[in-house]
Each structure stands twice: as structure tokens, then as C-alpha cells.
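Here the structure is laid out as C-alpha cells; the discussion comes afterwards.
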Amino acid sequence: MSYLELKSGTDVRGFASEKGGNTVNLTEQAVFDITRAFVFWFCKKNAVNAENLKISVGHDSRITAEIIKAQVIKALTLSGVTAVDCGLSSTPAMFMTTIDLNTDAAIQITASHHPFDRNGLKFFVKSGGLDSKDIGEIVALADEKKRISGENEGSILKENYMITYAARLRKMICDGVKNGETPLKGYHIIVDAGNGAGGFYAENVLAPLGADISGSQFLNPDGMFPNHIPNPEDKTAMESICSAVKKSGADLGLIFDTDVDRAACVDCHGTEINRNRLIALASIIATENAKGATIVTDSVTSAGLKTFINEDLKGNHYRYKRGYKNVINKAIELNEQGIDCPLAIETSGHAAFRENFFLDDGAYLVTKIVIELARGQDIDSLLQNLKMPAEEKEVRFKILAEDFRTYGQGVIADLEKFVNNSNEFVAADDNREGLRAFYKDGWFLLRLSVHDPVMPMNFESDTAGGIDEIIEKIKPFFKAYDLLDTSSLK
């Protein structure tokens, strides 16, 4: 097997346990080879000696975490690297070890919200997470068994960095609220960690600052995820935290994904603040002292959100490509061009603030929201001008062509011609991924999936029944494409 099969965008991911009925491809040997290849890649790129390096290692709550960590640390020490074992950690915290512990790099063992039998590796250097191109180079080096053999075996250090990381977040709240050592006293805030790595936020951030965290749920790490998928985009997960907020009478509910790089929240009425509402709330916070600033999002955001950012917040909504790293990189690029861009955020819940190294950090995001709450802000009222659509829908078309990317790009190019020749559709003026077109008080967006042979198509309408009308108008176009399974377009 080529290790290229384990490349998943900016991560390495695969099946790490047979318990789910799948064949293991993220084997111990694969983990060992890829980690040694990372050291080789890092040393060559930076012209450094491996024996001078210190690399931190952490993991989420997955059942294969310890097995994989053992191989990662073995690979590091045999390369001559000093390995810093941080144990159970959030993904953003592992990046922060390069700041607070001055490690040269960091490796997080995680597969985000994916099922319990999956796992993976995420790599950080001091400038941030690696890009897709970097991961491609590393797995290619692993295929070639490229490695560095240190003259002296590296050592292993133990570090419970999450204590430092939690203290950093507590300080943020104290500095932001300016109300003594217990600025959250009198507030009832609950956390749903989904049995991932996020339980620390209730116990080590909120509670010490005086918050009532009773009603919090699934804080204990359990890599089988017995209660619900730890994913703020999952319907069952969001229903669970909404119900918990109503049952406990909390002022705010917070929910994380497995490794805490994503989050969502729930207001005191049990209404979820997720996707477009979460982006709107984060945008309010980011533009508080930066009127006219640009907010970068992915392409599937709503028409109402654009109006809210551009008109209510007097900002500039910049829609870009799906993929949190794409969004972050675009925000960094815009800042380098002199454009004020304090926030990059994807509808999945990946939110990266410029002030926080453009690190997508779910705990940092909710900390900013908790500060607003403790300042006396009514979170729900902040969003009252955000117009939500009457209907939303997403369908996914499987591409049957062998060269799926070229085929999909051809479909989008033809659709653009169809729209431009139509008297009923109008192409959006900010198409940077796929094609978005308006029809009456609704729109559709057809794009290519970032990784898979799939074309997602999103719809939105301000009128009940509007999406059905759009679908009926667009259906004839797709009849010419035999290698595109549009059976879900109903």
C-alpha cells in the first residue's frame, strides 16, 4: 500500500482499529514510517539536526491513541529527537506548545469527528498547521522509507500542557470581563464534550472562574463515543446540547468536536448558534474594534449572512473555498495585501482569529463568546438582525467518471453557460468556488468536493416551496450528464 492513500487534505487519516469491521490501513508501521519521514522533511526544510529538535505529542480520546502514540514517540526518539509526551490534549493546544513550551514542532493524534475506528496525525510547526502540499511530500518520503538515524537516541519528557492551556483561557476571560477572580459567578454555562478531549473546558476553565457547570454532559474521555458523535454539525449532537440547556436552565451551552478545534453554542432559549449564526456571532466579536474589516468564510454561507456582515456590521464578507485551511490561508493572504481581516471561519465551526495566530481553536472561539455573555450581552439579541432562510437543502451527486475532477469542472463550466444564457438565473458576483446563482429570493451553489468524487449542491430560499421551484428549473440541465448521479435531486 502506498502511504499516499492515508493523505486526507492537511492530515494523515486511516482506519486504526478492526473493531469497526474495516481493514486497518493506519498500521503501527505506517505511523512509524510517516513520523520518521516528518522528521526527515522538517530537518531538510529547515537545515537543522534532528538531535537538536524537541517535538511535542498529544492525542484525543480515541481507543487507538496510546498504540499510535507509542509508535510516534519511538519514531521521534530513534531519529534523535526529544519527544514531549503531553497525553490527552486538544489539537489547538498542541500547536500552542510550540509557543509556550518552545517546541520546534507538534504532532496531534486525532481523526477529528470521524468514527471511533479511525485515527490520524496532524502536524504543526511554529508557523501553523501543515498544508496539503506538505503532507503529500511527507507521505511520499515515507513511501521511500526516508528517515534520519540519530547518533544518540532522543529522550522522552512528560508534560501536562493542558494545565497551562486552560490557564491561558482563564486569563483571557478575566482580562476581558475585568470583574475579579470569579468573573463567571452567577452564570450557568454547560459543556457537552461528546466524550472527546473537551471536558477540561468545564472543569478547568469555567468552574474555577465561578461558573455553575451543573448539567454539563459527556465530559469523561471515551474513545467509543457512546452518547453521540462529537461533532457540532451532527443533528443528534446539537439536539442533545439544546435539550441539556433547556433542562438545566443554563445561560449558555457549549459543544466541541473530539479534538476541540471546532465548536458551537446554544443560547438560553435552547436555540442553536451554529453554522451561519455562529459565523455572524464570531463576526460581531471580530469587528468590534475593526469596522470595515473583511471576514473570510467558505462558499456555502447564506445570503442573509452576507447582508448581515456587509450592512449591519459595516464589514466585507469574502466568500472563498470550502476547507478550513483554504479559508485560513486566504485570510492570511489578504492581511499580507494590507486588507484588514481579523477572522477566517468555515460553516463547519472551524474559526481562526488573527489575534490567535489564525489557529482554528474551538475553545478560543467559545471563550470569546463567554466573555460577551459575562459582559452582560444578550447573545440572542446580538443576532436578531440576521435573516435566516425559510428553507435550506444540500444534495450530493456522485461522479462516476474516472477523472472525476475534470468531469466535475466541465459540468460547472457548462452550468455557468446555462445560467448566463438564462433569463431566470443570475450568477453571483463572488463565485470563487463552483457556481452560485440566484433565482427569485433563493439561490443554488454547485461545487466540487475538496477530496471526493462528489458534487455537493446547496439550495436556499426565503419562501416556502422555493427550493422545489429552483430544482424544477435546473433539472433539465443535468439530463445531459450520464456520469453524474443526480438521483438525490428531488
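The values are calculated or read from the model by the stated rules, or taken from the named source; none is laboratory data. Owing to the predicted nature of the structure, the values given are computational and were not obtained by experimental measurement. Cβ sites come from the backbone with ideal geometry, for glycine too, and all protein chains shown count toward neighbours.
Of all residues in region 302-329, exactly one satisfies the criterion of being surrounded by fewer than 20 Cβ atoms within 10 Å (Cβ to Cβ) and within 17 Å of residue 128 (Cα to Cα), namely 329. Criterion applied to 444, 477 was being aromatic (Phe, Trp, Tyr) and either part of a loop (DSSP other than H, G, I, E, B) or closer than 29 Å to residue 316 by Cα (or both), and the one residue passing it is 444. Summed over region 433-470, residues that are within 26 Å of residue 402 (Cα to Cα) and small (Gly, Ala, Ser) total 2.
Please verify whether residue 187 is over 20 Å from residue 31 (Cβ atoms), aromatic (Phe, Trp, Tyr) and more than 23 Å from the chain's Cα centre (by Cα), treating the condition exactly as stated. Against the criterion (over 20 Å from residue 31 (Cβ atoms), aromatic (Phe, Trp, Tyr) and more than 23 Å from the chain's Cα centre (by Cα)), residue 187 qualifies. Under the condition of being basic (Lys, Arg), under 23 Å from residue 289 (Cβ atoms) and part of a helix (DSSP H, G or I), the residues counted in region 300-337 number 2. Summed over region 196-222, residues that are in a loop (DSSP other than H, G, I, E, B) and among the hydroxyl-bearing types (Ser, Thr, Tyr) total 2.
Close contacts from region 139-157, counting a first residue that is among the charged types (D, E, K, R) and assigned to a helix (DSSP H, G or I) and a second that is at pLDDT 95 or above and exposed (fewer than 15 other Cβ atoms within 10 Å of the Cβ), with Cβ to Cβ under 9 Å and a gap of 6+ residues or different chains, come to 143/2; 143/4.
For region 49-88, the set of residues classified as β-branched (Val, Ile, Thr) and surrounded by fewer than 22 Cβ atoms within 10 Å (Cβ to Cβ) consists of 63, 67, 73, 77, 82, listed by residue number.
Scanning region 223-238 for residues that are assigned to a loop (DSSP other than H, G, I, E, B) and farther than 26 Å from residue 168 by Cβ yields 224, 225, 226, 227, 228, 229, 233, 234. The set of residues from region 398-439 being assigned to a loop (DSSP other than H, G, I, E, B), out of contact with any helix residue (DSSP H, G or I) (no Cβ under 7 Å at 6 or more places or on another chain) and under 20 Å from residue 302 (Cα atoms) comprises 428, 429, 430, 431, 432, 433.
The set of residues in region 240-278 being crowded, with 20+ Cβ neighbours inside 10 Å, among the hydrophobic types (A, V, I, L, M, F, W, C) and part of a loop (DSSP other than H, G, I, E, B) consists of 250, 260.
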